[in-house]
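Undergrad: Submitted below is the structure of interest, expressed as structure tokens.
The values are calculated or read from the model by the stated rules, or taken from the named source; none is laboratory data. Since the model is a prediction, treat every value here as computed from it, not as a measurement. For neighbour counting, all protein chains shown are included, and Cβ atoms are generated from backbone atoms with ideal geometry for every residue, glycine included. Each accessible area value is taken on the protein alone, full model and side chains, heavy atoms only, with ligands, DNA and RNA left out. Shrake-Rupley method; radii C 1.70, N 1.55, O 1.52, S 1.80 Å.
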Amino acid sequence: MSSPTSELTQNSRRSSMDPIPNSERIFGLPSYIAMWVSSMVVIQIFIVGQSFLPPSGSLNIVQAIWVTIISSIILGFMFVLNSAPGIKYGIPFIVQARSSFGYKGARIASLIRVIPAVFWYGIGSWIGASAMVYITETIWGWGNIWLFFILFQVAQTAIAYFGIKSIKWFDSGLSVVVLGFLIYILYQIIQLGGLRLAENWTAAGSWGQPFFVAITASVGVLITASINNGDLGRYLENKPKNNWLGHFLGIVPMFVLMLMIGILSAAATGIWDPIQALVSVIPNPIVAVAMMIFIIVAQFTTNLTINIKPPALVLVEMFDMKWGVAVIVVGVLSIVTFPWLLLTSAAFNQFIAFYSAFLGPLLGILLADYYLIRKQKIDVEEYYNQQVSYNWLGLGVLIASGIVGIIFLPVSWMVSLPLSVLLYWGGYQLVPFYKKEARTRVE
């Protein structure tokens, strides 16, 4: 089933969805980890961490640290479990989803994943543009955030345009620089915090709903990436432990670091705006400018991996669009999401909880299908068979569980994900048509 065009280039079309044989994988374990290290500088994680402590939140630092630990473990397992089909069989997310939702139904399911990515793309670019304003105002006394926002979009589109290899080398090459800057930021925040950090250790906080809401928001920022990580995992060499090591070393430590920087910056500065908060802990303007350059680079690495690639791939698969054209379309769509309004909205965490209400079930159904129904054994040819247009059980469970998640919006995916696993697995045990299909698969 492999195709000479499976590698993603600017001219790739639908044939790039074909399985990638292990001999043609472009990521070894070191480059895969390095790619994730740079991609995990997600300023949105920083913002979520800031929201844990007063005045935005009601946790103390001890509770915030426990939120960080629990969230990182959950995310690590999400990435490992759902990346397995891509790594083992070389298939992308939208092909993986065909088993659970049908050939055409997978396109509907994929839209639930990629629409938030387009929003996050715009938000990341706006944050990067804000950093550029700080740099130019510091050096030349002038800045235009709208101009920088458009330039930011153009530059990211240019890098992503040439496909997976340009994304790989850009992200992997900057991983050491990214890690060094983050450690420096953490050191400066702790130096500045002093007594204010100590006060947050002894605050009463809450182990009730705010604690679980914080976990929901923390995981919700990256639950999107865990759903479609097969798009990247299919380029990783399928060797023992690569899945576990690649994600628990590339993603989990960086996720913890970003959340802790957000938490400690809130305790030390009391400033919610990410740009102002980071600049406030820097000792002089020269270093501050370097920090803003770092933020700009960080938005590039994150958007390329997490927010541009998924929606562009969906456009390629749905419309047989060239990859380069799809990247341009995604860039335009991210502008019309009005990120400057969402980022400053009091409903920022609600936005995460709302889309997580449906992404939780989407992930749960994928996991239930692969591990409980198919027992980790699939017929790859079947995934490229168009005979089943819609799997109504998968689509029905996705909608029903998502609605329940909205009802329990503050802890959306915590409710909707396990519910979707139970309903999807139960459907294959109890509904005669699906019960027969499951038996046929096993035989």
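Undergrad: I'm trying to understand the selection: among the residues of the stretch 382-396, which are modelled with pLDDT of 90 or more and open to solvent by 80 Å² or more (accessible area, probe 1.4 Å)?
TA: Y390, W392
Undergrad: Further, regarding this structure: Only one residue in V114, V133 is touching a residue at least 40 places away in the same chain (Cβ under 8 Å) and either at negative phi or buried (at least 22 other Cβ atoms within 10 Å of the Cβ) (or both), so which one is that? Break it down stepwise before answering.
TA: Numbers: V133 fails: touching a residue at least 40 places away in the same chain (Cβ under 8 Å).
Answer to the selection: V114.
Undergrad: Here is a further query. Any residue in the stretch 284-295 that is in contact (Cβ under 8 Å) with a residue 12 or more places away in the chain and open to solvent by less than 40 Å² (accessible area, probe 1.4 Å) sitting within a Cβ distance under 7 Å of a residue that is hydrophobic (A, V, I, L, M, F, W, C) and outside any helix (DSSP H, G or I)? List the pairs, counting only those 6 or more apart or interchain.
TA: Short answer, once both residue conditions are applied: A288/I282; M291/I282.
Undergrad: If you check L259 against the conditions, is it over 26 Å from R98 (Cβ atoms), modelled with pLDDT of 90 or more and open to solvent by less than 10 Å² (accessible area, probe 1.4 Å)?
TA: Yes.
Undergrad: Now a separate question. State whether one or more residues within the stretch 63-85 are open to solvent by less than 10 Å² (accessible area, probe 1.4 Å) and either in contact with a Lys or Arg (Cβ under 6 Å, 6 or more places away or on another chain) or outside any helix (DSSP H, G or I) (or both).
TA: No.
Undergrad: Moving on to the next point. Would you mind listing the helices (runs of 4 or more DSSP H) fully within the stretch 207-250 where at least 3 residues are touching a residue at least 60 places away in the same chain (Cβ under 8 Å), of a type in the set (A, V, I, L, M, F, W, C) and surrounded by fewer than 24 Cβ atoms within 10 Å (Cβ to Cβ)?
TA: Fully inside the stretch 207-250 and qualifying: 209-227, 242-250.
Undergrad: Right, something else. I'm trying to understand the selection: among the residues of the stretch 98-111, which are under 22 Å from the mean Cα position of the chain (by Cα) and either closer than 18 Å to N303 by Cβ or open to solvent by 60 Å² or more (accessible area, probe 1.4 Å) (or both)?
TA: I108, L111
Undergrad: Moving to a separate point now. Considering only residues of the stretch 158-189 that are touching a helix residue (DSSP H, G or I) at 6+ places or on another chain (Cβ under 7 Å) and not in a helix (DSSP H, G or I), which is modelled with the highest pLDDT?
TA: Of the residues in the stretch 158-189, the ones touching a helix residue (DSSP H, G or I) at 6+ places or on another chain (Cβ under 7 Å) are 159-161, 163, 166-168, 170-172, 174-175, 178-179, 181-182, 185-186, 189.
Keeping just the survivors that are not in a helix (DSSP H, G or I) gives 163, 174.
Values: G163: 78, L174: 70.
Filtering first and then ranking leaves G163.
Undergrad: For the stretch 349-369, how many residues are in contact with a Leu (Cβ under 8 Å, 6 or more places away or on another chain), modelled with pLDDT of 80 or more and farther than 21 Å from L315 by Cβ?
TA: Matching residues across the stretch 349-369 total 7.
Undergrad: In contact with a helix residue (DSSP H, G or I) (Cβ under 9 Å, 6 or more places away or on another chain), surrounded by 23 or more Cβ atoms within 10 Å (Cβ to Cβ), farther than 22 Å from G128 by Cβ and among the aromatic types (F, W, Y): does that describe W323? Spell out the reasoning first.
TA: Values: in contact with a helix residue (DSSP H, G or I) (Cβ under 9 Å, 6 or more places away or on another chain): yes; surrounded by 23 or more Cβ atoms within 10 Å (Cβ to Cβ): yes; farther than 22 Å from G128 by Cβ: yes; among the aromatic types (F, W, Y): yes.
Judged against the criteria, W323 is a match.
Undergrad: Checking Q429 against (1) surrounded by 15 or more Cβ atoms within 10 Å (Cβ to Cβ); (2) in contact with a helix residue (DSSP H, G or I) (Cβ under 7 Å, 6 or more places away or on another chain), only one condition comes out false. Which one?
TA: Failed condition: (1).
Undergrad: Of the conditions (1) open to solvent by 10 Å² or more (accessible area, probe 1.4 Å); (2) closer than 30 Å to I190 by Cα; (3) part of a helix (DSSP H, G or I), G57 clears all except one; give me its number.
TA: Unmet condition: (3).
Undergrad: Also, quick follow-up: List pairs: first in the stretch 361-384 and among the polar types (S, T, N, Q), second surrounded by 15 or more Cβ atoms within 10 Å (Cβ to Cβ) and part of a loop (DSSP other than H, G, I, E, B), Cβ under 6 Å, 6+ apart or cross-chain?
TA: No pair meets every condition.
Undergrad: Would you point out the residue of the stretch 334-348, among those that are under 16 Å from N307 (Cβ atoms) and either among the aliphatic types (A, V, I, L, M) or at pLDDT below 70 (or both), that is least open to solvent (accessible area, probe 1.4 Å)?
TA: Ranking the candidates gives L343 first.
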